[in-house]
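Just below is one structure, and these are the notes that go with it.
The values are calculated or read from the model by the stated rules, or taken from the named source; none is laboratory data. Only a predicted model underlies this, so the values are computations on that prediction, with no experimental measurement involved. Cβ coordinates were reconstructed from backbone atoms using ideal geometry, including for glycine residues, and neighbour counts include every protein chain displayed. Only protein heavy atoms, including side chains, enter the accessible area calculation; ligands, DNA and RNA are left aside. Shrake-Rupley method; radii C 1.70, N 1.55, O 1.52, S 1.80 Å.
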Amino acid sequence: MRLLALPALALFLGTAAQAQTIELYGGTIAGPSQLDYGPLPSNPPTIPWDMDAGLVAGGGWYVGLPGGFEIGVDAMTTSRDYTGQPSTISTQSLMLAGRMQFPNMQMGGFTPYAGLGVGMINVHYSDPTSTFLNGSDLVAGYQAEIGTRFNLTSNMGAFVAMKYQATFDDPVIQTEYVEYQSLSIIGGVRW
């Protein structure tokens with residue numbers, strides 16, 4: 001057991017010495033324009049509902065690793081309305097994320113990057129006209145992100161990105177399967 005503690009301590013001390021960044025971001029959900037739902041036991045859900053564009057906000061903490069890699073934690077919240085309905089679907093997610101910068105592709109101070117993450121997504125459905133259908137389900141999910149960064153000052157930067165997020169399995173809210181996926185356009189700052 002002590003033999004395992006030494007490499008863990010070395011990894012922690014090495015990580016603490018690396019560059020750390022904090023990010024805050026916001027944006028809009030660009031798609032998909034429909035999400036499906038369906039009563040149990042039919043899976044996958046098969047009844048499409050039109051969705052309005054929604055809002056997204058989040059933040060992250062990342063540690064830089066050699067070779068342009070970063071590893072960190074990303075927390076995001078989203079909210080969307082069903083078109084013409086009083087009901088909404090909102091989420092809160094926590095993802096362990098890894099990203100890779102591509103400094104060799106830098107153009108005019110813009111550095112592209114790509115990333116993947118896995119974690120948990122709490123999906124909440126709310127309908128003020130039918131409270132027996134309201135509820136939440138915590139399910140495993142994933143995200144993929146592509147974007148570009150640029151420096152504003154020597155210790156502050158900005159970024160724009162597209163982030164896709166979805167659940168591995170459809171959440172179950174009361175007696176219904178509810179599909180969740182989102183494609184967000186985000187912008188933020190990092191320091």
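Assorted remarks:
- Strands (runs of 3 or more DSSP E) wholly inside segment 45-84 that include at least 2 residues being charged (D, E, K, R): 69-81
- The set of residues in segment 151-172 that are in a strand (DSSP E or B), open to solvent by less than 80 Å² (accessible area, probe 1.4 Å) and at pLDDT 95 or above comprises GLY157, ALA158, PHE159, VAL160, ALA161, LYS163, TYR164, GLN165, ALA166, THR167.
- Residue within segment 101-119 that is under 19 Å from ALA53 (Cα atoms) and open to solvent by less than 70 Å² (accessible area, probe 1.4 Å) present: no
- Taken over segment 128-150, the criterion of being outside any strand (DSSP E or B) and either of a type in the set (Lys, Arg) or under 16 Å from TYR180 (Cβ atoms) (or both) is satisfied by LEU133, ASN134.
- Restricting segment 70-94 to residues that are closer than 24 Å to PHE150 by Cβ and among the hydrophobic types (A, V, I, L, M, F, W, C), the residue that is surrounded by the most Cβ atoms within 10 Å (Cβ to Cβ): MET76
To keep it simple, each residue is scored yes or no on (1) within 16 Å of GLU176 (Cβ to Cβ); (2) in contact with a Leu (Cβ under 8 Å, 6 or more places away or on another chain).
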position: GLN85; (1), (2): yes, no
position: PRO103; (1), (2): no, no
position: ALA114; (1), (2): no, no
position: ILE121; (1), (2): no, yes
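Yes/no matrix, rows are residues, columns are (1) surrounded by 10 or more Cβ atoms within 10 Å (Cβ to Cβ); (2) more than 22 Å from SER87 (Cβ to Cβ); (3) modelled with pLDDT of 95 or more:
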{"site": "ALA5", "(1), (2), (3)": "no, yes, no"}
{"site": "LEU11", "(1), (2), (3)": "yes, yes, no"}
{"site": "ALA19", "(1), (2), (3)": "no, yes, no"}
{"site": "ILE22", "(1), (2), (3)": "yes, yes, yes"}
{"site": "ALA53", "(1), (2), (3)": "yes, no, no"}
{"site": "VAL56", "(1), (2), (3)": "yes, no, yes"}
{"site": "TRP61", "(1), (2), (3)": "yes, yes, yes"}
